[in-house]
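Everything below concerns the one structure shown next.
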Amino acid sequence: MVIDIEQTNASLNCMALAIYAEAHTQSIEAKQAVAQVILNRFRNGTFGKDICDIVYSRGQFHGVWDVAEGRHQWPTEEDLLKEKLVAHSVYFHKVPNQIGNTTYYFHDDSIARPFTWSGKSKKVKIDNLIFY
């Protein structure tokens with residue numbers, strides 16, 4: 001198997017930004033689960049052509065757009081490196097997959113009342129994140 005180092009690095013950087021933007025206040029397990037959602041969406045093949053496309057898709061990862069559009073502070077290099085290590089561990093299957101093939105989650109049920117998607121039922125809750 002040949003690994004495209006540049007594409008892999010870009011994917012890990014995009015995952016790191018999403019992990020930071022969506023779960024930087026959550027536990028390592030919740031961060032890993034967010035990364036797994038991204039990887040599951042990539043494997044599903046219907047969410048985007050690559051991981052960065054998935055992360056930057058409008059309406060999917062609101063925290064990413066909040067950072068990209070300046071509504072939230074951009075993470076420091078140290079923060080991104082920490083989240084990139086989380087992304088790496090999930091991308092290369094170094095940690096258990098806690099959420100199976102789940103491709104959705106509701107961010108932080110402590111902020112707003114969680115909703116359900118038609119036909120989707122709650123599969124797991126990690127910290128304040130509910131995965132469907």
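The values are calculated or read from the model by the stated rules, or taken from the named source; none is laboratory data. A quick note: this is a predicted structure, and the numbers were derived from the prediction, not measured. Neighbour counts run over all protein chains shown; Cβ positions are idealised from the backbone, glycine included. We work out accessible area using only protein heavy atoms, side chains counted, and drop any ligands, DNA or RNA first. Shrake-Rupley method; radii C 1.70, N 1.55, O 1.52, S 1.80 Å.
Below are the figures for this structure:
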quantity	calculated
Positions within segment 65-87 being among the charged types (D, E, K, R) and closer than 15 Å to SER11 by Cβ, in sequence order	GLU83, LYS84
All positions within segment 32-49 that are more than 17 Å from ILE19 (Cβ to Cβ) and of a type in the set (Val, Ile, Thr)	THR46
Positions within segment 10-29 being of a type in the set (A, V, I, L, M) and within 17 Å of VAL95 (Cα to Cα), in sequence order	LEU12, MET15, ALA16, ILE19, ILE28
Residue selected from segment 50-61 under the condition open to solvent by less than 50 Å² (accessible area, probe 1.4 Å) and not in a loop (DSSP other than H, G, I, E, B), by the criterion farthest from ALA16 (Cα to Cα)	ILE54
Unique residue being open to solvent by 70 Å² or more (accessible area, probe 1.4 Å), of a type in the set (S, T, N, Q) and under 21 Å from LYS94 (Cβ atoms) when the list is GLN73, GLN7, GLN32	GLN7
Candidate set: segment 38-48, residues that are open to solvent by 30 Å² or more (accessible area, probe 1.4 Å) and touching a helix residue (DSSP H, G or I) at 6+ places or on another chain (Cβ under 9 Å); chosen: the one nearest to ILE99 (Cα to Cα)	PHE42
Scan of segment 84-132 for residues that are at pLDDT 85 or above and part of a strand (DSSP E or B), ordered by number	VAL124, LYS125, ILE126, LEU129
Of all residues making up segment 10-27, the number that are in a loop (DSSP other than H, G, I, E, B) and open to solvent by 50 Å² or more (accessible area, probe 1.4 Å)	2
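This table checks each residue for (1) among the charged types (D, E, K, R); (2) assigned to a loop (DSSP other than H, G, I, E, B); (3) under 20 Å from PHE131 (Cβ atoms); (4) modelled with pLDDT of 95 or more.
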| position | (1), (2), (3), (4) |
| --- | --- |
| GLU29 | yes, no, yes, yes |
| GLY48 | no, yes, yes, no |
| GLY63 | no, no, yes, no |
| VAL67 | no, no, no, no |
| GLY70 | no, yes, no, no |
| ASP79 | yes, no, no, yes |
| LYS82 | yes, no, no, yes |
